[in-house]
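Engineer: Submitted below is the structure of interest, expressed as structure tokens.
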Amino acid sequence: MTPRSLTLRNTLFSSLGIYVEYFLGMVCAVLIARHLGPRHYGIYGLFIWFAAIGIVVTNSGITTGVIKFVAELRGSRQPELIRPMLAHMRKVQRWHLLVVLGLGLCLYLLLGQRYAAELDAPEFALLAAAVGMRAPYMFNVAIAKGFEAFDATARITLVAAPTNLVLVVTAMLLHGDILWFVVMYAISSAVFLLASQYQVHRLLAPLPRHGGLPHELLRRVRRHLKIVSLTIIVSFLIASDVEILFLNLFASATAAGYFKVAYQLASGIMLLVPGVFGAVLLPMMAKALSEGRAAGGRRFVAVTSYLVMLSAPVVVFGACFATAVIELLYGAAYAAAAPVFALCMLASALYTSTQGATSLLVSADRQHVILALTLLFGVFKIAMDVTLVRHFGLHGAMAAIVVAALVSSSAYLLLGMRVGGSPLEWRRLARIALAAVLAGAIASLVLPLHLPPLATLLLGGPLLVAAYLPLTLWLRCWTHADIEQLQGLHRRFAAGRPLLLGRLLDWSGARTGPQP
């Protein structure tokens, strides 16, 4: 199987798992938001954020290390070292979990009544249990990704995600309050863990069970954990919806509810569209760098172009149809979340565009550079959040996420170019942006019709896609190799139909010409 075909296969399986998990997860989020209303959903969102930060701290550096070192040991034909390495990682994870639960209990006892009065003891216990199950679940998923067994991650999701939806619907039918949904969150965590344990056992079964880690490998693992752990935690604070915390503290739970639905929907959509490709980047980049700096640089440049090509129309869609999306999914009670959603889409796209750069830097063992930048951007973003949210509430949160995304994504892309030794395809990126803007202008012709939200989206969305694809071909946003791949897929899966698409691909391929 060629590298391009292998990447396509992994992306397809990764897409299946991510689409099912995040689509059904988004359905659950919409149902919970409509059921609880903006104020109570803002409080529930704060509870889930507490659990999320616990999971991130528990797994800080561990899951990325598992992916990286499993892929490396497979590539270097040293599978006998995989189990010892995983055993060491699991031991570190258990210590992290003990520290997280202990620190969380102390903070709850000391500050809970003052800053999180709605978080009672049952909710805290359930969230702690969920952290203890979700962290090893993510560890298991990292093992599957290191093996590039994205079919396994898809199987995990196909079992656990529908179960989660059933639990949420059950809580709604029982007219449950916030506590009921926290209970369902804990139960779904157990389901995710059990499904992942089964799939990982299948992957690890053929490997030898005994062995020790060479000193050099153990040193690299420890160095990776030491540097990346803090990086992951601060990165989460930068890229996550930490604004929910500050909105609850300085504005209102209702404003936090608006931000929660907007951020969650935007990040979910961005993950469903370009992010499925980003999920396979770390093992793919680690392999490319083993072939040399030039190969890694070329892969970084190509990946960044593809991510921008996939995310640009999504950003334009959000800019054009944010009001219709929010009204359709959440109702008129969440109308104030529409502009927040549009800006969150832009910020998520900026972060997505840096996935190739961060994968390249991790694979090149430049974690110390990432750590320095992450700490700098973390302090910058938290300072902006506190200042802007305190004075401007929800509007301050909107400004903070966009500015932080612009600054950090620019820095990571510049660093990726330096490490890879290859500049980005700036002209190609400009043509992609132009194609997206023109497609958005065509799709926004639907807005003056003042149709109901569903009709607006059913007409405007397909119109945007239908305009964007030929515009990217006309503006030469694809390489000759890309077009050849599209032609092969068109012939294989659509039998060359429609003929107009085949002719458009032939014409575009002739314009680009084969690369020397």
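The values are calculated or read from the model by the stated rules, or taken from the named source; none is laboratory data. All values reported here derive from a predicted model rather than from experimental measurement. So basically every Cβ, Gly included, is an ideal-geometry build from the backbone, and we count neighbours across all protein chains shown. When the accessible area is computed, the model is the full protein with side chains, heavy atoms only, and any ligands, DNA or RNA have been set aside. Shrake-Rupley method; radii C 1.70, N 1.55, O 1.52, S 1.80 Å.
Engineer: On the given criteria, is L119 open to solvent by less than 20 Å² (accessible area, probe 1.4 Å), outside any helix (DSSP H, G or I) and under 20 Å from I244 (Cα atoms)?
Structural biologist: Values: open to solvent by less than 20 Å² (accessible area, probe 1.4 Å): yes; outside any helix (DSSP H, G or I): yes; under 20 Å from I244 (Cα atoms): yes.
When the stated conditions are applied, L119 passes them.
Engineer: Also, quick follow-up: Could you please find all residues in segment 75-91 being surrounded by fewer than 18 Cβ atoms within 10 Å (Cβ to Cβ) and either among the small types (G, A, S) or in a helix (DSSP H, G or I) (or both)? Explain how you work it out, then say what you get.
Structural biologist: Taking segment 75-91 first, the residues surrounded by fewer than 18 Cβ atoms within 10 Å (Cβ to Cβ) are 75-80, 83, 87, 90-91.
Scanning segment 75-91 gives G75, S76, P79, E80, R83, A87, R90, K91.
Engineer: Given the criteria part of a helix (DSSP H, G or I) and surrounded by fewer than 24 Cβ atoms within 10 Å (Cβ to Cβ), does F341 qualify? First the steps, then the outcome.
Structural biologist: Values: part of a helix (DSSP H, G or I): yes; surrounded by fewer than 24 Cβ atoms within 10 Å (Cβ to Cβ): no.
So F341 does not fit the description; no.
Engineer: So, one more: Report yes if V200 is among the β-branched types (V, I, T) and over 27 Å from G42 (Cα atoms), otherwise no. Before you say what the answer is, go through the steps one by one.
Structural biologist: Values: among the β-branched types (V, I, T): yes; over 27 Å from G42 (Cα atoms): yes.
Taking the combined requirement at face value, the residue satisfies it.
Every residue, every condition in (1) open to solvent by less than 20 Å² (accessible area, probe 1.4 Å); (2) more than 21 Å from A262 (Cβ to Cβ); (3) at pLDDT below 85; (4) aliphatic (A, V, I, L, M), yes or no:
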site	(1), (2), (3), (4)
M1	no, yes, yes, yes
G25	no, no, no, no
G45	yes, no, no, no
I55	yes, yes, no, yes
T58	yes, yes, no, no
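Engineer: Restricting segment 131-149 to residues that are of a type in the set (F, W, Y) and farther than 14 Å from A160 by Cβ, which is most open to solvent (accessible area, probe 1.4 Å)? Step through it out loud before you land on a result.
Structural biologist: Filtering segment 131-149 down to residues of a type in the set (F, W, Y) leaves 137, 139, 147.
When the remaining residues are screened for being farther than 14 Å from A160 by Cβ, the result is 139, 147.
Working: F139: 0, F147: 38 Å².
Per the criteria, the residue is F147.
Engineer: Answer yes or no as to whether G102 is in a helix (DSSP H, G or I), without any contact (Cβ under 8 Å) to a residue 24 or more places away in the chain and surrounded by fewer than 14 Cβ atoms within 10 Å (Cβ to Cβ).
Structural biologist: Details: in a helix (DSSP H, G or I): yes; without any contact (Cβ under 8 Å) to a residue 24 or more places away in the chain: yes; surrounded by fewer than 14 Cβ atoms within 10 Å (Cβ to Cβ): yes.
Yes.
Engineer: Considering only segment 345-464, give the helices (runs of 4 or more DSSP H) lying wholly within it that have at least 3 residues that are open to solvent by 40 Å² or more (accessible area, probe 1.4 Å) and β-branched (V, I, T). First the steps, then the outcome.
Structural biologist: Working: elements: 355-363, 367-392, 394-420, 426-443.
The helices (runs of 4 or more DSSP H) meeting that bar are 367-392.
Engineer: A117: more than 18 Å from V70 (Cα to Cα) and modelled with pLDDT under 85, yes or no? Full working, then the answer.
Structural biologist: Numbers: more than 18 Å from V70 (Cα to Cα): yes; modelled with pLDDT under 85: yes.
For A117, the condition - more than 18 Å from V70 (Cα to Cα) and modelled with pLDDT under 85 - is met.
Engineer: Same structure again: Mind listing whichever residues of segment 382-407 are touching a residue at least 60 places away in the same chain (Cβ under 8 Å) and under 19 Å from the mean Cα position of the chain (by Cα)?
Structural biologist: If the condition is that a residue be touching a residue at least 60 places away in the same chain (Cβ under 8 Å) and under 19 Å from the mean Cα position of the chain (by Cα), then I401, A404 are the ones that fit.
Engineer: Tell me whether segment 140-149 contains one or more residues that are at pLDDT below 90, over 17 Å from G65 (Cα atoms) and of a type outside the set (A, V, I, L, M).
Structural biologist: No: segment 140-149 contains no residue that is at pLDDT below 90, over 17 Å from G65 (Cα atoms) and of a type outside the set (A, V, I, L, M).
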